[in-house]
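One structure below.
Each value in this text was obtained by applying a stated rule to the coordinates, not by laboratory testing. These numbers come from a predicted model, not from an experiment. Cβ coordinates were reconstructed from backbone atoms using ideal geometry, including for glycine residues, and neighbour counts include every protein chain displayed.
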RNA sequence: GCCCCCAUCGUCUAGUGGCCCAGGACGAAGCCCUCUCAAGGCUUAAACCGGGAUUCGAAUUCCCGUGGGGGCACCA
């Protein structure tokens, strides 16, 4: 039962860092478009000039690319329905808002911000809902034209029907009924000549042929307004899908920037730009956000391509979802284990070089299988594998002392191990483990004690990838030198 | 204050009137494996917000509460 190709769009405002919620809308947009053979579009909603942040638009584009949610049309890739930046579309909005005025669905308003504020305060004092009092709605077209001609500043408001009920249909929630008297004569065109979201988004979605509007549920409040605008134009409505909001991990309240600052200190972030630095993968992040608001019946570890196969807007859930960073860890780690050796090597290399380590690519390729199932985030490669790229290690002498033994005993064990290993032509997993195991047997020690000393001696750390595989990669010379050094350290204790 | 939305284990969710004394995943606990740490395997605890109604039968439909969330700008 194939469906018509969907045209979807993600339409963020370049007002700050790209957020998890934006990424999720983009993901679902992308999935729907790919699933139906349609197009996924990026549109920049920059009509609030005062809030536009330099670089934010670039961050959005970088973020989408990092997530591998490549858009078919957008500011930097073009397309047949451009421009894709709203400040470049001023004239289009003017044309459309004029037709609305001509049709009697909108009107010029000359009220000053000061007067509006006074009205608002008066209404609040009387415990009424704050709303525009409709003064300019009563102006005759002639008078309005006269005042415009005389140079008076004005805006355009939507003429909301006063009677009746608006029925708006959300795909996940069904029909939402709102009494029109609850609705306000919202501003469509601001005094700076730029449209508000209400006008711009409706015009663009129509002009760009958007078939499905996926957006956050914070838009539910203005949803009736939006369908009224679309209907006033006489346009066909898209399928409206209002997604659930993301809540703080506690479940108390919507996610905010403050939470991100807090989370960063724990190695997490709600900003896409931070994800790479923190060692998260696009696969992990996509999988994580996909499943907050979408119930997939069978499998939950999915690539984006697998998501495309399974995706349907019918499976989306309307209830708010508390984000859970432990799940991000889980999905990230799970995807890392799925990467090929070459792929994972390429992905972790930057984390080593970032620390100033010189990475030997052959060594890198050999350690990846050892690291793979130990990594939760990519930067975990540092704590597990930095020593592979260091000339020397500097173990903490106390860590060299085996459990239940003292320094002298430990030194003796290290000495014996040194002799066994130096008797081998090469230090390989196959050659070293049997004689060392035999030594454990005959000495009456346990493997933990003997191998523990060697681990700290050769890797410099108490926790490491498997010992023999690690020693093999470190190499005979370095291993022996490091053990020798450990013996010295133990003797000095 | 007014309007709107939502409501299944701690969290994300499956469930569209009988298949559910509610399934999966994360997390937690325990066991196995084991050279550390992981990974893996097995097991356990853990939920239908409350009350009415409809029905032979309700997690699933309806109503009322309650709780949570969002919105009430010349911001998006």
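Rank these for me by crowding, A:372, A:126, A:482, A:51, going from fewest to most other beta carbons within 10 Å.
Least crowded to most crowded, the residues run A:126, A:51, A:372, A:482.
What is the extension gain from residue A:58 to residue A:358, computed as 0.36 nm multiplied by their sequence separation minus the C-alpha to C-alpha distance, in nm to one decimal?
In short, 104.8 nm is gained.
By average Cβ neighbour count within 10 Å, what is the ranking of A:230-239, A:462-471 from highest down? Before the final figure, lay out each step's value.
Details: A:230-239: 15.4, A:462-471: 18.3.
Output ranking for A:230-239, A:462-471: A:462-471, A:230-239.
What is the antiparallel percent of DSSP beta bridges lying wholly in region A:88-243, to the nearest 5?
Antiparallel: roughly 70 percent of the beta bridges in region A:88-243.
Which value in nm describes the separation of the simple spin-label points at residue A:273 and residue A:99, placed 7 Å from the Cα toward the beta carbon?
Modelled inter-label distance: 3.9 nm.
Between region A:25-99 and region A:112-161, what's the alpha-carbon centroid distance in Å?
One Cα centre to the other: 32 Å.
Neighbouring Cβ atoms within 10 Å as the yardstick, rank A:479, A:136 fewest first.
A:136, A:479
Obtain the radius of gyration and the Kirkwood radius of region A:98-144 from its C-alpha atoms and give Rg over Rh.
1.07
Of the peptides A:4-16, A:194-206, how do they stack up when ordered by the mean number of other Cβ atoms within 10 Å, highest first?
A:194-206, A:4-16
Kindly provide the helix-only [θ] at 222 nm of chain A, computed as the sum of -39,500 (n - 2.57) over DSSP H runs of four or more divided by all residues, to the nearest 500 deg cm²/dmol? If you can, show how the numbers build up before the last one.
Details: 21 runs with 230 residues, N = 493.
That comes out to -14000 deg cm²/dmol.
For the modelled label position 7 Å from the Cα of residue A:429 along Cα-to-Cβ, which residues of region A:450-480 have backbone nitrogen atoms closer than 12 Å?
Residues A:466-473 qualify, since their backbone N sits under 12 Å from the label point.
For chain A, what is the Kirkwood hydrodynamic radius in Å, using each pair of distinct C-alpha atoms?
The answer is 27.1 Å.
I want to check the label-to-label distance for residue A:119 and residue A:173. Put each point 7 Å from Cα in the C-beta direction and report it in nm to one decimal.
Label-label distance for residue A:119 and residue A:173, simple model: 2.7 nm.
What's the exposure ranking of A:18, A:493, going from fewest to most Cβ atoms within 10 Å? Mind dumping the intermediate values first?
Working: A:18 25, A:493 13.
By the 10 Å Cβ count, ascending, the order reads A:493, A:18.
Length gain on complete extension for the stretch residue A:90 to residue A:447, per 0.36 nm per residue less the alpha carbon to alpha carbon distance?
Extra length from residue A:90 to residue A:447 when fully extended: 121.1 nm.
For chain A, give me the percentage of DSSP beta bridges that are antiparallel, rounded to the nearest 5 percent. Working shown, then result.
On the way: 17 of 32 bridges.
Percent antiparallel among DSSP bridges in chain A is about 55.
Length gain on complete extension for the stretch residue A:301 to residue A:373, per 0.36 nm per residue less the alpha carbon to alpha carbon distance?
Values: separation 72, 0.36 × 72 = 25.92 nm, distance 1.57 nm.
So the chain would gain 24.3 nm between residue A:301 and residue A:373.
Between residue A:492 and residue A:341, what is the label-to-label distance in nm when each label sits 7 Å out along the Cα-to-Cβ direction?
3.8
Tell me the Kirkwood hydrodynamic radius of region A:88-243 in angstroms, computed as one over the mean inverse distance between distinct C-alpha pairs.
For region A:88-243, inverting the mean 1/r across all distinct Cα pairs yields 16.6 Å.
Ratio to report: Rg/Rh of region A:257-338, with Cα atoms as the point set and Rh obtained by the Kirkwood method; give two decimals.
On the Cα set of region A:257-338, Rg over Rh gives 0.98.
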